[in-house]
Structure formats: C-alpha cells, structure tokens
Amino acid sequence: MRRPRYQNVVLHAVLIVLASLTLTPFLFTANNIFRTKKEFDQSFFSFPDAFEGLIEVSALYLTGNDDQVEVVDEFGAREIVDRDEAFSRYIDYAQQGPSKAWSVLRPFMQNSFLVSICTAIGVCLVGSSTAYILSRYRFAGREVVFMSVLSTMMFPAVLTLVPSFLLVKELGLLNSYWAMILPYIASGQVIAIFVFRSFFAGLPEELFESARIDGAGHLGIYLNIILPLSKPVFSVVIIMNVLYTWNQFLWPFIVNTDGSKHVIASGLFIMARSQEAEDYSLMFAAYSISSIPLLILFIYATKPFMRGITSGALKA
Amino acid sequence: MKQEKFSFTFTCYVIILPTLALLFTFIYLPVVWAFSRSLYDFEIGSESRFVGLGNFGEYLFSDPTFWPSMLHMGALTFFLVCVRLTIPLVVAKLIHSLSTEKSRYVYRTIFLAPIVVPGVALQLIWMNLIYSDVGLLNETLRAIGLANFTQGWLTNPDTALLAIMVIGFPFVSGIDVLIYYAGLSSIPEDVNESCALEGCVGIRKFFRIDVPLVLSQLKLILILTIINGLQAFENVYILTEGGPGYETIVPGLWMYYNAFKFQRMGYACAIGVVLFLMILTLTIINIKYFRSAEEVKEGA
C-alpha cells in the first residue's frame with residue numbers, strides 16, 4: 001500500500017518533536033556533567049566552558065599553530081601556557097565533576113553489581129530448574145505448586161514491605177547482601193518460572209526421550225539439552241532481572257540501617273540528601289554514571305532488552 | 001513400581017525445593033504476618049499488645065491523613081491512567097504507520113532508551129534540573145519574560161501535586177509504546193487490507209479498527225497503572241516527602257512513615273492490608289468488566 005509522501009514527513013516531524021521532549025532532561029544532564037557549580041550559577045543554558053577551551057586548543061592543533069594560549073581556570077584566573085599544557089588543563093577541568101562523583105559512587109556501584117549478578121544467577125538457576133520440572137514432568141501436586149507460584153503475583157509490594165522488613169530483621173540479615181539477594185530471588189523467580197516454563201514446554205519431547213534412553217539424569221538433560229537450546233530466553237530473563245534489581249531503591253534503603261551496603265539507587269538518594277547535592281556538576285555526573293551500566297547493556301543487547309521489558313510487564 | 005513412582009515424585013520435589021523454600025519464607029510468610037501483625041500494636045523490641053481491628057478502625061475513621069492521602073492517590077492514579085491509555089497508544093500508532101521497518105525500529109529504540117536511567121535518578125533529575133530555582137522550567141520562564149510565573153514547583157502547596165504528576169512528560173518513554181506497538185503489529189494484514197479497500201483510513205480506522213483490536217493491551221496497561229498508582233510512594237518520598245505539610249501525602253508513604261519513623265509497625269501493616277484489599281477489588285473489577293478483544297470475539 002503506497003502512502004503519500006507528505007504523510008511520512010508529518011509523522012517524522014511529530015515523532016521527532018516527542019523524542020526531543022523526552023530526551024531533553026537527559027541531554028541537559030549530560031551537558032551539565034562537565035560544568036562547574038560556578039558556571040551553572042552564572043548562566044543556566046550554556047555549553048561547558050571546558051569544552052569551548054578544548055575546541056579552541058584542538059583548532060590550534062588542526063591548523064598546526066603552536067602559539068601559546070590563554071587558559072581561563074574555574075575561578076576566572078588567566079594564564080598563558082603552551083597548547084599541550086592548555087589541552088591537559090582543560091581535560092582536567094572537564095573531568096573533575098565525573099571523577100569526584102565516581103569516587104563517591106564506586107562502593108555503591110560495586111554493591112549494585114554484586115547484588116544484581118548474584119540475583120540474576122540465583123533466579124536463573126532456581127527458576128529454570130523449577131520450570132524444567134513443571135513443564136516436562138507430571139507429578140502429584142504439580143498444579144498446586146504452579147498455582148502457588150503464580151498466585152504470589154497477587155500480593156503487591158506495599159502489603160509485604162513492612163512484614164518483610166520484620167522478617168529480615170528477625171533472621172538477622174539486616175545490613176547484609178543476603179537481605180537484598182534472597183528476597184529478590186524469591187520474587188524474581190516467579191516471572192522467570194513463567195517465562196522459562198512456556199519456553200521449555202515448547203521444546204520437542206523426542207529430545208528428552210532420547211536423552212533419557214541414553215541414560216541421562218536430570219542434571220545431564222539440564223546441562224546438555226535445556227541450557228544450549230535456551231540461550232535467548234536466559235538472556236531475556238537476565239535482562240529483566242538486572243533491570244528490576246538495578247532500579248530497586250526503597251528496599252536497600254530500608255534494610256541498610258548502618259548504610260554500609262547501599263546500592264546505586266539508594267546511594268544516589270543519600271547523595272542527593274547530603275552536602276554533596278550543593279554541587280550540581282557532581283550530582284549530574286552521578287546520575288549519568290549510574291545510567292552507564294544499563295546503557296551498555298541496552299546497546300549491546302537491544303533486542304533481548306525489548307523482549308525482556310515487554311514480558312516483564314506481565315508481572316502485575 | 002509404587003516405590004519407583006514415589007522416588008520420582010520425591011526427586012521432583014527436591015529440585016523445586018529452593019523455589020518453594022524461598023516463596024514460603026520471603027513471600028507467603030510476610031503476607032501472613034501482614035494480616036496477623038495488623039491486629040497488634042507494637043514497636044520493634046518491645047511488648048506487643050493485641051488490639052483486634054483497632055488499627056483498621058483508627059486508620060479508616062480517625063486518621064487525619066486518610067481522606068487527603070486517598071484523594072492525592074486517586075488524583076495521581078487517575079491522571080496516570082488517562083495519560084498512559086492515550087499518548088503512548090497514539091505514538092505507537094504513529095510509529096507503526098511509518099513506511100520503513102528501519103525507521104520504526106529507530107523510533108522504538110529512542111523511546112525505550114530512557115529506561116536505562118534508574119528511577120531514582122529520573123526523579124532527582126526532574127527535581128534538580130526542571131523544578132529547582134535555577135532549573136529548566138524557571139529559567140525558561142525567565143528567558144521568555146514570564147518571570148512572575150516562576151516558583152518552587154515542589155514546595156508551593158498549590159503546584160506540588162501537579163509537579164509530581166507531570167514528571168516524565170511527555171509520557172512516551174518506557175514499555176507502554178512497545179506494548180501497544182506489539183498489539184498493533186499483531187492485527188492481521190487482511191484486516192488492514194480490507195479496511196483500505198472499504199476506504200476506512202486515518203482517524204476513522206484508528207478508532208473503528210485499531211483501538212478495539214488493542215483492547216487487551218489497553219486492559220493490561222490499565223490494570224498495571226492502577227496497581228502501581230495505588231501503591232506508589234517512592235516518587236513522592238523522593239520529591240516532596242509528602243510535603244509541604246501533608247499536601248502530597250499518599251497512603252503508601254504514610255505506611256512507610258508509621259513503620260520507620262513512628263515505629264508503629266502494627267498500624268503500618270494495617271495500612272498495607274487496606275491498600276492490598278483496595279488493589280485486589282479494583283483488579284477484580286477490571287478483569288471482570290473490562291473485556292479484552294479476544295473475549296469480545298469469543299462472545300463471552
């Protein structure tokens with residue numbers, strides 16, 4: 001079906017306007033990483049000074065001009081230096097916000113990585129083995145087990161928040177990684193079992209039959225048949241899970257009563273409530289740094305990412 | 001033979017044991033506790049006192065935050081429902097109408113990209129960048145000569161709730177567009193072709209054909225939005241802490257304050273139970289009365 005060309009132009013125009021509105025806060029954030037608080041106070045809308053300096057010096061390199069240049073530092077002091085020195089000064093100037101933010105965020109980032117990776121591994125192991133049994137075998141009580149897994153979706157987080165805290169406290173898990181990892185696995189496995197089960201149920205029975213005839217046990221079937229065939233569905237589950245864990249803010253905030261195991265989300269909040277929030281550049285750098293790991297995951301695995309998000313929506 | 005069957009069942013249960021153990025410890029046990037502890041008045045580490053339904057009575061009938069918080073929650077949820085059922089659907093339709101698959105993919109990716117920013121960072125970005133005194137909104141107003149409209153959007157009682165609502169403007173990032181897009185893509189090609197033959201195109205086709213055929217997606221988003229809307233309070237906590245005064249308090253936040261600020265664990269559990277019952281009721285109503293496309297087709 002051919003459409004008139006102007007229609008496509010209109011569509012693009014509308015979508016581009018919406019996309020730029022959506023991205024505006026993020027572009028501003030990215031721009032402000034490299035601006036100091038002082039620059040920010042002077043004018044709100046502006047390109048980082050350090051970048052203007054860098055462009056100026058780069059122009060000297062391109063034209064082969066090796067004159068000395070005047071460098072203006074953060075406090076407005078002027079100095080005349082040669083171009084290599086000017087270049088490295090502007091680089092230092094630009095990266096002071098990000099490097100300061102990184103030094104604050106590093107422990108949070110490490111905790112986030114540890115918790116996300118452990119949760120993802122746990123959910124994959126527990127979820128896939130349960131889904132394997134539920135999808136390939138008939139045993140007494142199978143329906144009951146499946147229904148008890150599914151019906152947990154009925155309970156919203158707001159119902160279990162306070163009692164879960166009481167439970168974790170009673171188990172003596174406060175201020176440990178387990179306080180995050182175990183509940184995350186418990187709730188993350190539900191949707192994982194759902195996704196794995198429907199995938200495993202679609203695999204042909206002949207494969208399992210012949211493996212059993214060859215004498216393979218459950219472990220052999222799991223390692224030699226399920227794992228190699230299910231890579232795409234594993235990546236979907238992993239991405240769904242990492243996205244969920246990375247965004248958890250309130251739970252880590254509550255169970256870290258001594259503040260030692262904060263993850264990136266709760267750490268950002270702590271940062272925003274502390275003295276450091278006075279420094280805009282530091283905060284904007286922190287927001288950007290906290291987005292980088294998922295951005296890399298997003299670029300590296302856009303398609304499983306999209307699938308992971310839409311199947312994650314099933315979780316009510 | 002019987003022995004063999006028993007050992008087969010036993011093996012199955014051994015393999016699913018971790019799942020069951022985690023489910024019962026970290027989900028079912030807290031659910032049971034939520035109900036049982038809501039009948040007590042207790043602080044952590046001190047004697048608990050049985051009060052029966054006293055916590056519920058106090059919350060429903062004599063808590064001064066009850067009605068304001070329900071009103072705020074209702075307003076926030078209603079706004080989100082209106083927005084999420086319309087704008088992303090229109091955008092998905094616009095993307096779906098583009099002529100090349102490549103451009104469709106590019107736009108879908110662009111609208112999804114903001115999901116990499118952690119939720120907390122998103123709220124804080126809006127707080128620091130858009131709403132602060134030297135923020136995008138106030139500076140833009142000053143730049144175009146509307147300086148007397150500038151204000152502390154989140155600290156002014158008149159605008160605080162509105163300011164919380166419009167975070168995320170223009171509401172097209174994230175999963176909604178993808179979900180509607182998937183719905184539009186699953187409309188069979190012969191339906192589209194016969195529409196074109198009948199001369200049913202553009203806005204008329206959108207309302208007569210597309211909207212009825214993505215009803216199940218609309219229903220999914222409706223249910224999700226209501227469930228999230230009733231329990232969401234992290235954003236309010238980050239942005240205003242329920243203030244100024246109690247101008248933006250929501251029930252979930254009040255539960256959080258009771259548990260972790262005032263040490264009234266039993267009372268907090270009772271608020272959680274009330275919210276759960278509300279969510280359950282609304283979800284059941286949704287599932288029952290909002291029929292999806294498949295059910296309409298089956299004549300259910």
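Tabulated data for the structure shown
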| read-out | value |
| --- | --- |
| Assigned charges on the beta-carbon of Lys, Arg, Asp, Glu; chain B dipole about Cα centre (debye) | 480 |
| At R0 = 25 Å, FRET efficiency that the Cβ-Cβ distance of B:PHE169 and B:ILE203 yields, to 0.05 | 0.55 |
| Excluding exposed DSSP-loop trypsin sites (Lys or Arg not before Pro) (at most 13 other C-beta within 10 Å), longest clean stretch of chain A | A:3-137 |
| Cα-based reach from B:LYS2 at 13 Å (exclusive), listing aspartates and glutamates while leaving out same-chain residues under 8 positions away | none |
| Gain upon complete extension [B:TYR13, B:PHE78; 0.36 nm per residue less C-alpha separation] | 18.9 nm |
| Set of aspartates and glutamates near B:LYS93 by C-alpha distance (under 14 Å), chain-local residues within fewer than 8 positions excluded | B:GLU101, B:ASP176, B:ASP210 |
| For the stretch A:137-162 versus the stretch A:202-263, the gap between their alpha-carbon centres in whole angstrom | 18 |
| Nearest 10 degrees, 0 to 90: helix A:280-300 Cα axis against chain A principal axis | 50 |
| Given charges at beta-carbon only (K, R positive; D, E negative), |dipole| of chain A in Debye | 2000 |
| Nearest-ten-degree value, helix A:231-247 long axis tilted from longest Cα axis of chain A | 60 |
| Gap separating the Cα centres of the stretch B:1-40 and the stretch A:72-119, nearest whole Å | 50 |
| Residue of B:PRO88, B:PRO30, B:PRO114 that the Gaussian network model of chain B assigns the largest fluctuation, springs spanning Cα pairs under 10 Å | B:PRO30 |
| Listed residues B:ILE144, B:ILE167, B:ILE279, most fluctuating in chain B (Gaussian network, C-alpha, under 10 Å) | B:ILE144 |
| Neighbour-count order for B:ILE110, B:ILE285, B:ILE223, fewest beta carbons within 10 angstrom listed first | B:ILE285, B:ILE223, B:ILE110 |
| Between 0 and 90°, nearest 10: helix A:157-170 axis offset from chain A longest Cα axis | 80 |
| Inter-chain Cβ neighbour average for residues A:274-284, partner chain, 10 Å | 2 |
| Within the stretch B:8-149: Cβ-based charge dipole about Cα centre, in debye rounded to nearest 20 (Lys, Arg +1; Asp, Glu -1) | 820 |
| Kyte-Doolittle mean at least 0.5 and Cα axial length at least 27 Å: DSSP H helices in chain B | B:2-23, B:66-96, B:265-289 |
| For the stretch B:184-220 versus the stretch B:101-151, the gap between their alpha-carbon centres in whole angstrom | 33 |
| The stretch A:97-312 shape via C-alpha gyration tensor axes, a/c threshold 1.5 | prolate |
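We did not get these values from a lab; they are worked out from the coordinates using the rules stated. The shown structure was predicted, so the numbers you read here are calculated from the model rather than taken from an experiment. FYI the Cβ positions are ideal-geometry reconstructions off the backbone, even for glycines, and counts take in every protein chain you see.
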